[in-house]
Amino acid sequence: MDIHNPAYVAGHGLLADKSVLITAAAGAGIGFAAALRAVEEGCRAIVISDIHQGRLIESVAKLKGQNSLDAVYGLSCNVALEDEVQALINFAEDRLDGVDVLINNAGLGTTRALIEMDDAEWMKVIDVTLNGTMRMTRYMMQVMKLRGCGGAIVNNASVLGWRAQKGQAHYAAAKAGVMALTRCAALEAAEFGVRINAVSPSLCVHPMLKKSAPEALLRELQGREAYGRGAETWEVANIMMFLASDYASYLTGETISCSSQHA
Ligand SMILES: NC(=O)c1ccc[n+]([C@@H]2O[C@H](COP(=O)([O-])OP(=O)(O)OC[C@H]3O[C@@H](n4cnc5c(N)ncnc54)[C@H](O)[C@@H]3O)[C@@H](O)[C@H]2O)c1
């Protein structure tokens with residue numbers, strides 16, 4: 001394996017016989033990569049969700065038939081709205097005959113110096129990124145506890161939950177919150193056999209990010225990685241698959257960093 005130019009790794013059946021629900025899975029980034037990986041890892045059925053209805057329909061179509069899987073479903077959901085979160089989990093429970101794995105991928109960021117940020121911008125990032133993950137986790141825990149079959153939840157945090165970067169106070173605070181939520185919720189969920197962990201990606205460059213982030217910033221961030229590059233979306237998804245799988249049976253409440261060490 002060439003770490004500077006890694007080849008796509010084939011599936012290893014890590015999620016064989018499991019059902020999967022993923023939020024924010026209709027973009028060009030980690031969410032859709034995780035959905036594709038879950039199918040390649042042999043999941044028996046999958047529900048993907050996103051706030052963007054058009055891309056969601058396209059993403060369901062792209063996944064259908066991969067690895068001979070027909071049980072691919074989509075439902076739009078804004079994780080900032082409690083009723084949509086509950087509707088999504090109820091839909092997934094029904095279509096999948098129980099959710100075994102939930103991947104909370106939805107998160108939102110902007111770049112703004114704190115002294116220039118108004119409450120609305122702060123609240124929006126916190127509400128989607130932290131509160132959205134909390135809403136999905138809370139309701140999924142209630143449902144998994146009632147069903148009594150265990151399960152795994154994987155949250156998407158960020159190394160910014162640990163590190164400082166100008167213009168990112170709101171996003172970093174939200175992601176640090178996701179890590180703390182993961183630790184505390186995992187302790188409660190262990191009582192009914194549910195594991196909760198998080199990944200913490202560093203830079204993961206994909207077409208939508210290339211469009212929205214300044215080129216100079218992306219170059220600077222890539223230069224700070226020991227590999228001199230950001231992660232491929234599927235490299236982050238691979239770590240999610242491990243955390244979701246039974247290989248991680250003795251792992252809960254942890255946040256696994258997905259980065260090559262900062263230089
Ligand atoms: N890309 C990176 O470098 C990076 C680094 C660290 C962490 N992350 C985290 O990874 C996750 C995925 O980000 P990504 O950049 O890979 O893009 P992605 O394609 O996985 O996610 C973007 C998708 O999120 C959807 N979305 C936005 N708001 C939503 C909402 N309120 N409810 C539901 N869906 C919503 C968008 O429609 C879009 O399709 C985020 O939580 C992000 O904070 C990304």
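Throughout, read-outs are computed from the coordinates displayed, never taken from laboratory work. These numbers were taken from a predicted model, which means no experiment stands behind them. For neighbour counting, all protein chains shown are included, and Cβ atoms are generated from backbone atoms with ideal geometry for every residue, glycine included.
Condition first: among the small types (G, A, S) and within 18 Å of the chain's Cα centre (by Cα). Can you find one or more residues in the range 139-150 that meet it? Within the range 139-150, none of the residues are among the small types (G, A, S) and within 18 Å of the chain's Cα centre (by Cα).
Taken as a whole, the condition of being in contact (Cβ under 8 Å) with a residue 12 or more places away in the chain and either closer than 20 Å to S49 by Cβ or more than 16 Å from the ligand (Cβ to nearest atom) (or both) does not apply to M179. When we screen V101, V159 for residues that are more than 30 Å from L221 (Cα to Cα) and out of contact with any Asp or Glu (no Cβ under 9 Å at 6 or more places or on another chain), the only hit is V101.
Scanning the range 189-219 for residues that are away from the ligand (no atom under 13 Å from the Cβ) and exposed (fewer than 15 other Cβ atoms within 10 Å of the Cβ), which turns out farthest from the chain's Cα centre (by Cα)?
It comes out as A216.
The residue that is farthest from V128 (Cα to Cα), counting only those in the range 66-82 that are within 12 Å of the ligand (Cβ to nearest atom) and hydrophobic (A, V, I, L, M, F, W, C), is L75.
Residue-wise test of (1) over 20 Å from L81 (Cα atoms); (2) of a type in the set (A, V, I, L, M); (3) touching a Lys or Arg at 6+ places or on another chain (Cβ under 8 Å).
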site: I126; (1), (2), (3): no, yes, no
site: T129; (1), (2), (3): no, no, yes
site: T137; (1), (2), (3): no, no, no
site: K145; (1), (2), (3): yes, no, no
site: E188; (1), (2), (3): yes, no, no
site: V194; (1), (2), (3): yes, yes, yes
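Run K145 past the list (1) touching a Phe, Trp or Tyr at 6+ places or on another chain (Cβ under 7 Å); (2) over 28 Å from D97 (Cα atoms) and report the number of the one that doesn't hold. With respect to (1) touching a Phe, Trp or Tyr at 6+ places or on another chain (Cβ under 7 Å); (2) over 28 Å from D97 (Cα atoms), K145 is out only on (2).
Name the residues in the range 8-67 that are assigned to a loop (DSSP other than H, G, I, E, B) and in contact with a Pro (Cβ under 8 Å, 6 or more places away or on another chain), would you? Before you say what the answer is, go through the steps one by one.
Taking the range 8-67 and keeping what is assigned to a loop (DSSP other than H, G, I, E, B), we get 8-18, 23-29, 41-44, 51-52, 64-65.
Correct list: A28 only.
Annotation note: Cβ proximity below 8 Å between a residue of the range 228-254 that is within 15 Å of P6 (Cβ to Cβ) and a residue that is of a type in the set (K, R) and buried (at least 17 other Cβ atoms within 10 Å of the Cβ) (sequence gap 6+ or interchain) occurs for W234/R37; A237/R37; N238/R37.
Which ones in the range 46-62 are more than 12 Å from the ligand (Cβ to nearest atom) and buried (at least 22 other Cβ atoms within 10 Å of the Cβ)? First the steps, then the outcome.
From the range 46-62, those more than 12 Å from the ligand (Cβ to nearest atom) are 46-47, 57, 60-62; that's our starting set.
Of everything in the range 46-62, those that are more than 12 Å from the ligand (Cβ to nearest atom) and buried (at least 22 other Cβ atoms within 10 Å of the Cβ) turn out to be I46, V47.
Among the residues of the range 97-119, which ones are aliphatic (A, V, I, L, M) and over 24 Å from the mean Cα position of the chain (by Cα)? Matches in the range 97-119: A113, L114, I115, M117. Every condition in (1) away from the ligand (no atom under 12 Å from the Cβ); (2) free of Cβ contacts under 8 Å to residues at least 60 places away in the same chain holds for L160 except the one numbered (1).
Suppose we keep only residues that are near the ligand (Cβ under 7 Å from one of its atoms) and crowded, with 24+ Cβ neighbours inside 10 Å within the range 26-36. Which one would you say is farthest from F242 (Cα to Cα)?
Only one residue tops the list, namely A26.
Here are some residues: D17, D100, D118. Which one is of a type in the set (D, E, K, R), surrounded by fewer than 18 Cβ atoms within 10 Å (Cβ to Cβ) and under 21 Å from C149 (Cα atoms)? Lay out the reasoning, then the answer.
Values: D100 fails: surrounded by fewer than 18 Cβ atoms within 10 Å (Cβ to Cβ); D118 fails: under 21 Å from C149 (Cα atoms).
It is D17.
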